[in-house]
Amino acid sequence: MRILNQLLLLLIAALALLVLVGNSFVSYFTDYLWYQDLGFTRVFLIKFWVQAVLFLAFGGTSAGLFYLNGYLVHKAAVQSGIFADFFDPRLRHWLGEKYRLLLKIIALLLGLASGLAALPLWEDALLFAKAVPFGRTDPLLSLDIGFYVFKLPFLRYLANWSFSLWVLCAGFGTFIFLALGHIQSQGRRLSLTRPFRRYLALMLVLFFLRLSFDLWLDRADLLFDERGVVFGAGFTEAKVVLPVLTALAALSVLAAGLAAFFVFKPRKEILLGLTGLYALLYFVGLKFLPGVVHRYVVQPNELEREKRYLAYEIAATREAFGLSQVEEQEFRFGPPLTAEVLARNQDTIKNIRLWDHEPLLETYSQIQEIRTYYKFIAVDNDRYFINGELRQVMLSARELSYEDLPSRSWINEHLVYTHGYGLTLGVVNEVTAEGLPKLLIKDIPPVSECDIKVTRPEIYFGELANEYVIVGTKAREFDYPAGEKNVYTTYRGQTGVKVGGLLRRSLFSLRFGSSKILLSRDITGQSKILYYRSVSERVRKAAPFLRFDDDPYLVIGKNGRLFWFVDAYTISDRYPYARRIKGLGNYIRNSVLAVVDAYHGTISFYLKDPHDPIIKTYTRIFPDMFKPLSALRKDLRRHIRYPHRLFFIQARLFGAYHMKDPRVFYNQEDLWEVPRSLKSDRRYMKPYYTIMKLPGEKRAEFILMIPFNPAKKHNLAAWMCVRCDPENYGHMLVYRFPKQKLVYGPQQIESRINQDPEISRQLSLWDQRGSRVILGTLLIIPIEGNLLYVQPLYLKAESGQIPELKRVIVAYENEIRMGHTLEEALYAIFGARTPGEEVSEKPLPRVPVLSQAVRVYLQAQEALKRGDLEAFGRLWKKLGEILKEVK
């Protein structure tokens, strides 16, 4: 019976191992087919072989050294030892004739654990082996920055691994000696046998050698110390801790030599003296002395002591986050704005964004999803030449939501409904008479009212996707709805792994946990399976060593094809003296752009920052993976944009690190903050894209900008922008406002808007009628040395779900006006002013009657043209009522 139980346990263990290995094999093999299909086999193979080498190296070394330690210890201990009386007699059996078997099992398990633990180290190992120097050294140890970024993580892992292995070997060896009676009692004293003392001395040699290596690494880790006013080594660390660590590292080598001498001539005086001296230096030098120096030397004169190291932190942080090349200028105020000035800046005026992302996404969802199973996930900002004009647009892909399918059968989810379809696009400041966005591309199939055409609207790869779909089957593949009928299609894309014969179908069935892949008669040998279809997941799988932005954006090519752009970053948390950001690190570069074809699923990687040492290193590892940005098609290249999340991080850091003087930085005398929302202090103003003419430039361009407040104040201190067009991509500019002049900030303008009697009365009236007023983002628009403030106002009925743009509020200097449109609000402020004309002291009307009459007349004409006589009559009647008010 006992034998049967043992056989049953072995069988269960074998089956469990088979399932574990089998699942791993299926996952690895199907992933290999995916990489092969996309042309990234090298990425898969390099990762696989590096992990295999790490597994064998760390696992084999751990198992081998542990087994050798155990074998030699047991051999030495058995020759002169007897079993101690306090151990269980059953243990003697395992430490006697069964010892070799026990040792092999423990060594094997240890090797397996060590090998598996080393697998995630594959990136660090590659960077260690292929590192490209930064060409800059740290100011304290004069080591190349590349040592900290590429070498130090791997060396630190080696130090930790070697210590763990030493603990296990020393602990196991000590246990064997104790178990075999190598501690003896001589009266009231306990003594160790000679072999045991020699073993302990040998372990002490290895301990001190490893400790010396660890202390040498601790010197480098000082440059990431976060305890003082300086990020990195401050005065105490540089003047006290660093010399002590250097001395301890040298003493450890000396201690290892003395311990080796102890192996041959065991004398307890040497052991006790060595241990005592080392402990004294450690506790005095690292625990006691730094505290004393910091309290009595540094704190009484902290600025003078830390000034040098604060300068290191400022320079390193600016360099690590790409802020060292920011160009700072004084904002020069120009003559007051007039109608003529606005006319000269129509490229800016026409591209003032009136639609916020959230209300626009909600509106798109209500008027353009067409069917319940289509979803708009996000709205993207971009710019296109539309009918010869550069216009800022907002567009959103219409994707397929599998959770909302009318029937969620396996065939529908994986064979029939395979892709989203088309998009909707509109310029940022055009609105219909009903307060809805004016769409230039809309409906299914896409209808375009401009010179941008969509010729391949199918979206097989997008932001929303299920686990897999199978195309090229006998089942009809749904394309798009057409009234009461549906249109069907067949996928002809370049990617997709062939399902193949019985073996592959079995593997895919196991991979995706569905026997239907194996049994379905609709699937043929030529059918293709598409997986990793989510754009974010797809690029992360293709380049697992990069950090990707969470906001892919859709681009329409000149030939009408759709592409996803995904920005990728190289990051590190090992840049000396640079301030760390939680969850990110202290070094970042937007080095790569991934372009994914929404129909074919192909992925191309382009270098946006070829000078970044980290991406240079990856280029050495994967030489054929990255292309220069100039290789990207020109029509696509002009749609690159600076990532807004990265810019927001840089802007918040620049608010502090624009202070280059350590004294000013220490006292935080000129600290800037990103403005917060008037509704909630926890919500920061987000950077926004716009098209405008920068000071000193002759043409308008696409930029990303954000303003700054002085700390704990609401007026403006500066505004920061980054240029997005390919010719000047990544060039950052900061325009400082004169400190002696008051420039209203967003919160101050919002407060003035809320206090305006007419606006406040109108808002109250809407609230009483059961509508919810939504104030949009307040935009600050610099125009020829002046600032124009624009805020859209949306109205959403409680019974309805579609936000409508009802008013636009414009503020300039001491004037605030609200109009039905941006043009109307601008006219209310600037319409009566012409060059050389004196400004009337009589306040301008809040809503000009003539402008309103013209708008209603044009709407009536449009209704008449389309044959809507009811709307024409209503608008004509309204026009008469307006004209009656004219006196």
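Within a straight-line Cα-Cα reach of under 18 Å, residue 693 can be paired with the following aspartates and glutamates, leaving aside sequence neighbours fewer than 8 residues apart in one chain: 327, 328, 330, 340, 347, 382, 389, 701, 725, 727, 784. Dividing the summed helix terms, -39500 (n - 2.57) for each DSSP H run of n ≥ 4, by the number of residues in the chain produces a 222 nm estimate of -13500 deg cm²/dmol to the nearest 500.
Residues in the chain average 48 Å² of solvent-accessible surface per residue, probe 1.4 Å, ligands and nucleic acids excluded. Relative to the longest principal Cα axis of the chain, at what angle does helix 41-80 sit, 0 to 90 degrees, rounded to 10? So the inclination is approximately 20 degrees. Here residue 104 is the anchor, and the lysines within straight C-alpha reach of less than 28 Å, apart from those fewer than 8 places off in the same chain, are 75. Kindly work out what percent of the DSSP beta bridges joining two residues of the chain are antiparallel, to the nearest 5. Counting only bridges with both partners in the chain, antiparallel ones make up about 90 percent. Each of 448, 600, 510 was placed along the dipole of the chain (beta-carbon charges, centred on the mean Cα), and the one lying farthest toward the positive end is 510.
Please report the carbon-and-sulfur percent of the accessible area for the chain; probe 1.4 Å, protein heavy atoms only, DNA, RNA and ligands left out.
57
Taking label points 7 Å from Cα along the Cα-to-Cβ direction, residue 253 and residue 102 give a separation of 4.1 nm. Using a cut-off of 26 Å between Cα atoms, the listed pairs 453/498; 442/878; 558/627; 498/541 include 453/498; 442/878 as exceeding that distance.
Taking a 21 Å limit on the Cα-Cα distance, which of the listed pairs 712/741; 151/608; 438/485 fall beyond it? Pairs exceeding 21 Å: 151/608; 438/485.
Sparsely packed loop sites in the stretch 626-712 (the trypsin sites (Lys or Arg not before Pro) outside DSSP H, G, I, E and B with at most 16 other Cβ atoms within 10 Å) comprise 633, 660, 679, 682, 683, 698, 699, 712. Once the Cα atoms are used to define both axes, helix 194-221 deviates from the longest principal axis of the chain by about 20 degrees. In the chain, the longest principal axis of the Cα atoms and the axis of helix 746-755 are about 40 degrees apart. Using a cutoff of 8 angstrom between alpha carbon atoms and counting only pairs six or more residues apart, the relative contact order for the chain works out to 10 percent.
Excluding the sites themselves, what is the longest stretch of the chain that contains no GluC sites (Glu not before Pro) in a DSSP loop with at most 12 other C-beta atoms within 10 Å?
On the way: sites that count: 97, 226, 434, 484, 669, 697, 798, 837, 838, 841, 885.
Longest gap between qualifying sites, sites excluded: 227-433.
Karplus-derived 3J(HN,Hα) values for the stretch 637-645, using 6.51 cos²θ - 1.76 cosθ + 1.60 with θ = phi - 60°, are 5, 6, 9, 5, 9, 7, x, 6, 5 Hz; glycine and proline are entered as x.
The values are calculated or read from the model by the stated rules, or taken from the named source; none is laboratory data. Everything quoted here is computed from the prediction, not taken from an experiment. Virtual Cβ from ideal backbone geometry, glycine too; neighbours counted across all protein chains shown. All accessible areas refer to the heavy atoms of the entire protein, side chains included, with ligands and DNA or RNA removed. Shrake-Rupley method; radii C 1.70, N 1.55, O 1.52, S 1.80 Å.
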